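Single-structure report; data block below.
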Amino acid sequence: MIRLNAALASRRSRLSGRLSPRALGLAAALAALAFDQAHKFWMLNIFDVAARPPMSLAPFLDIVLSWNYGVSYSLFPAHEALTRLALLTMQGAIIAGLAIWMVRTQSRATAVALGLIIGGALGNAADRITRGAVADFFYLHTSLPVGPLANYVFNLADVFITAGVALLVIEGFFLPQERRAET
């Protein structure tokens, strides 16, 4: 039994040694970008969401097509080329800063979280470059006055960004400092 435990521990050590935080973060970024772009391609070209009326998935969630020319909640709309370039430049600088953080971190959880954020941000940036606006498909709504989530339109890239931020918060608040480098 002791020999089996030692063998399993050795195997885990070798596996974790191969999967560096940098590699995990890069894999998360590429996966998020690929899933987001594949989903957008499918929704726009195969499912043809533009030709369909809104479809209810739940009493609070519909499938729609909404073009977002700004950032979250369509803040800072960028309809003109110069404004879009400024928004893309700002987005690029933020992505670069997050990438530097991801490459330097020793925490696997932080690297994955940053990878999800970077992948989502790259997906939305790709939309801005190729389509002039970000394609959003999910409409979260409620008739209750609950604040900013009462009406929110988003896409998979936004889901990846939110999941990455949530993972950073969970790691920062709930994981002891000495365990962060191990995750």
Legend entry - Answer residue from segment 153-180, given it is of a type outside the set (S, T, N, Q) and part of a loop (DSSP other than H, G, I, E, B) and is modelled with the highest pLDDT among those: Leu175
Inset, instruction - Identify the single condition in (1) surrounded by fewer than 17 Cβ atoms within 10 Å (Cβ to Cβ); (2) aliphatic (A, V, I, L, M); (3) in contact (Cβ under 8 Å) with a residue 40 or more places away in the chain that Ala51 does not satisfy, given that it satisfies every other one. - result: (3)
Legend entry - Gly123 over 15 Å from the mean Cα position of the chain (by Cα), farther than 18 Å from Glu171 by Cβ, modelled with pLDDT of 95 or more and part of a helix (DSSP H, G or I): no
Inset, instruction - Test Ala93 against the stated conditions and say whether it is in contact with an Asp or Glu (Cβ under 8 Å, 6 or more places away or on another chain) and at pLDDT 95 or above. - result: no
Inset, instruction - Would you be able to say whether some residue in segment 32-46 is modelled with pLDDT of 90 or more and closer than 27 Å to Phe173 by Cα? - result: yes
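The values are calculated or read from the model by the stated rules, or taken from the named source; none is laboratory data. Small disclaimer: the values here were computed from a predicted structure and weren't measured. Cβ: placed from backbone, ideal geometry, glycine included. Neighbour counts: every protein chain shown.
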